[in-house]
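The values are calculated or read from the model by the stated rules, or taken from the named source; none is laboratory data. Since the model is a prediction, treat every value here as computed from it, not as a measurement. Cβ placement follows ideal geometry from the backbone for every residue including glycine, while neighbour counts extend to all protein chains displayed.
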Amino acid sequence: MNKTILQNQKEPNNKGFFGQYGGQFVPEQLKDALHEVEEAYKKARKDPEFKREYEEILADYVGRPSPLFFAKNLTKQLGGAKIYLKREDLNHTGAHKINHTIGEALLAKRMGKKRLLAETGAGQHGVALATATSIVGIDCEIHMGAIDIEKQHPNVLRMKLLGAKVVAVEGGGRCLKDAVDSAFGAYLQDYKNTFFGIGSVVGPHPYPMMVRDFQSIVGKEARKQIIAQEKKLPDYLVACVGGGSNAIGLFHAFLKDKVKMTGVEPAGKSFKPGDHAATLTLGKPGVLHGMFTYLLQDKKGEPLPVHSIASGLDYPGVGPQHSHLKDTNRVEYVCATDKEALEAFKILSKTEGIIPALESSHAVAHAIKLAGKLPKEKVVIINLSGRGDKDIDYINSILKI
């Protein structure tokens with residue numbers, strides 16, 4: 001693989017494209033607002049004071065670095081490769097989302113914005129953003145699909161307790177894609193006073209790059225930690241993929257290394273339209289939410305309905321950098337079904353005493369299949385992107401624990 005391709009995988013060009021994916025496919029009146037965000041971010045990332053405040057909050061408030069835990073019980077049970085868990089579930093608010101929401105809130109404050117607006121699926125991004133806005137003293141408004149509100153009610157309560165206004169989205173499929181549509185509509189009405197805190201590495205440039213940069217702390221830490229513990233780089237990295245923020249957060253620091261990477265999408269109940277959200281597996285390039293990327297779409301180019309047992313993965317698109325990584329064969333993208341994710345959820349809970357988020361359980365499901373087939377000297381890192389507290393009531397409605 002030549003250096004030019006590697007560089008293109010790591011950074012977008014000046015128009016925000018990773019290869020052919022990305023860009024700004026938005027109404028003309030939003031381009032000035034996006035340019036304002038891009039310029040503010042470029043200045044902030046070079047400002048030692050911004051970096052100091054961000055890193056200080058990550059250390060003293062979020063609790064970084066998160067541990068890299070050797071899952072010896074699961075490893076022994078499978079009898080194959082060593083399995084390590086990057087414990088993003090131990091972050092304050094319970095997921096990786098806090099990494100970029102702190103950055104977004106600090107940037108919004110720096111820009112003089114009065115409100116942070118965002119969408120959420122599983123609610124973890126909403127909770128994290130509401131938490132971050134509490135710290136910096138800015139109003140917060142979260143749009144969430146009505147179905148996800150029912151599935152993730154504990155997170156809805158958390159958002160409200162943290163002072164956020166939660167808007168229930170009743171249109172369309174009433175899930176993550178519709179929440180994004182609703183939030184974009186609200187942003188169009190008041191973009192001069194509002195910062196759009198997108199919850200993944202999706203949307204128009206500069207968001208895929210900016211959110212990835214904030215999330216890249218995951219891979220930077222994991223790289224140092226695994227070298228300290230194993231005296232070598234890992235052989236495999238595994239992470240779930242919806243929009244793709246936790247996955248690119250882990251992968252980014254290893255893109256130039258000879259490390260195999262796998263993103264795990266939700267195969268849901270079946271591969272029938274509306275039963276899954278396997279975007280990179282079954283989708284085709286198209287435009288969604290201001291970006292050109294892989295998309296589950298009908299013959300007219302309209303997004304198809306999607307499903308996943310994990311609310312944070314039920315999205316018909318994916319981050320543009322992931323699309324480029326797929327096309328250049330740098331990352332392998334596979335699927336795990338609802339049933340496989342649920343089984344992995346139970347296995348990790350019982351073997352290691354760690355209750356994972358249903359999103360993360362997709363990565364665990366694939367890693368279980370992978371590790372059992374590998375020699376014992378191989379090393380696999382799973383990004384355990386969130387904890388499963390939020391999923392307990394929903395899972396109980398299925399399993400009747």
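Applying the set (1) under 17 Å from the mean Cα position of the chain (by Cα); (2) under 27 Å from Ser182 (Cα atoms); (3) of a type outside the set (A, V, I, L, M) to His252 leaves exactly one unmet item: (2).
From the list Ala122, Ala105, Ala130, which one is modelled with pLDDT under 95 and either among the small types (Gly, Ala, Ser) or part of a loop (DSSP other than H, G, I, E, B) (or both)?
Only one candidate passes the filter, namely Ala122.
Select, from Lys97, Lys86, Lys109, the only residue that is closer than 28 Å to Lys42 by Cβ, among the basic types (Lys, Arg) and in contact (Cβ under 8 Å) with a residue 60 or more places away in the chain. Being closer than 28 Å to Lys42 by Cβ, among the basic types (Lys, Arg) and in contact (Cβ under 8 Å) with a residue 60 or more places away in the chain holds for just one of Lys97, Lys86, Lys109, which is Lys97. Can you spot a residue in segment 219-232 that is closer than 27 Å to Gln20 by Cβ, within 19 Å of the chain's Cα centre (by Cα) and assigned to a helix (DSSP H, G or I)? Taking every residue of segment 219-232 in turn, at least one turns out to be closer than 27 Å to Gln20 by Cβ, within 19 Å of the chain's Cα centre (by Cα) and assigned to a helix (DSSP H, G or I).
For segment 17-40, give me the residue count where each residue is in contact with a helix residue (DSSP H, G or I) (Cβ under 9 Å, 6 or more places away or on another chain) and more than 22 Å from Arg110 (Cβ to Cβ). Talk me through it step by step, then tell me what you get.
Applying the first criterion (in contact with a helix residue (DSSP H, G or I) (Cβ under 9 Å, 6 or more places away or on another chain)) to segment 17-40 yields 17-24, 26-27, 29-30, 33-34, 37-38, 40.
Now drop any that are not more than 22 Å from Arg110 (Cβ to Cβ), which leaves 17-23, 26-27, 29.
Count: 10.
The set of residues from segment 307-331 being surrounded by 24 or more Cβ atoms within 10 Å (Cβ to Cβ) and among the charged types (D, E, K, R) comprises just one member, Asp314.
Quick one: would you say Gly185 is small (Gly, Ala, Ser), closer than 25 Å to Gln152 by Cβ and part of a helix (DSSP H, G or I)? Yes, satisfied.
Among residues of segment 270-284 that are not assigned by TED's automatic domain parsing to the domain that holds Gly312, none has a beta-carbon under 7 Å from a residue that is part of a helix (DSSP H, G or I) at least six positions away or on a different chain.
So the check is Cβ under 9 Å with 6+ separation or different chains; which pairs have a first residue in segment 161-178 that's on the phi < 0 side of the Ramachandran plot and modelled with pLDDT of 95 or more and a second one that's among the β-branched types (Val, Ile, Thr) and assigned to a loop (DSSP other than H, G, I, E, B)? So the pair list comes out empty.
Would you confirm, using the coordinates I've provided, whether Leu129 is on the phi < 0 side of the Ramachandran plot, buried (at least 18 other Cβ atoms within 10 Å of the Cβ) and either of a type outside the set (Val, Ile, Thr) or in the same structural domain as Lys350 (by TED's automatic domain parsing) (or both)? Let's see the steps before the verdict.
Numbers: on the phi < 0 side of the Ramachandran plot: yes; buried (at least 18 other Cβ atoms within 10 Å of the Cβ): yes; either of a type outside the set (Val, Ile, Thr) or in the same structural domain as Lys350 (by TED's automatic domain parsing) (or both): yes.
Spelling it out, Leu129 is indeed on the phi < 0 side of the Ramachandran plot, buried (at least 18 other Cβ atoms within 10 Å of the Cβ) and either of a type outside the set (Val, Ile, Thr) or in the same structural domain as Lys350 (by TED's automatic domain parsing) (or both).
Looking for something out of contact with any Ser or Thr (no Cβ under 9 Å at 6 or more places or on another chain) and over 17 Å from Ser308 (Cβ atoms) - is there at least one such residue anywhere in segment 383-390? Yes, there is a match, as at least one residue in segment 383-390 is out of contact with any Ser or Thr (no Cβ under 9 Å at 6 or more places or on another chain) and over 17 Å from Ser308 (Cβ atoms). The helices (runs of 4 or more DSSP H) found entirely in segment 286-384 that carry 2 or more residues being more than 24 Å from Phe251 (Cα to Cα) are 338-352. Restricting to segment 84-101, what's the tally of residues that are closer than 12 Å to Gly63 by Cβ and not basic (Lys, Arg)? Summing the residues that are closer than 12 Å to Gly63 by Cβ and not basic (Lys, Arg) in segment 84-101 gives 9.
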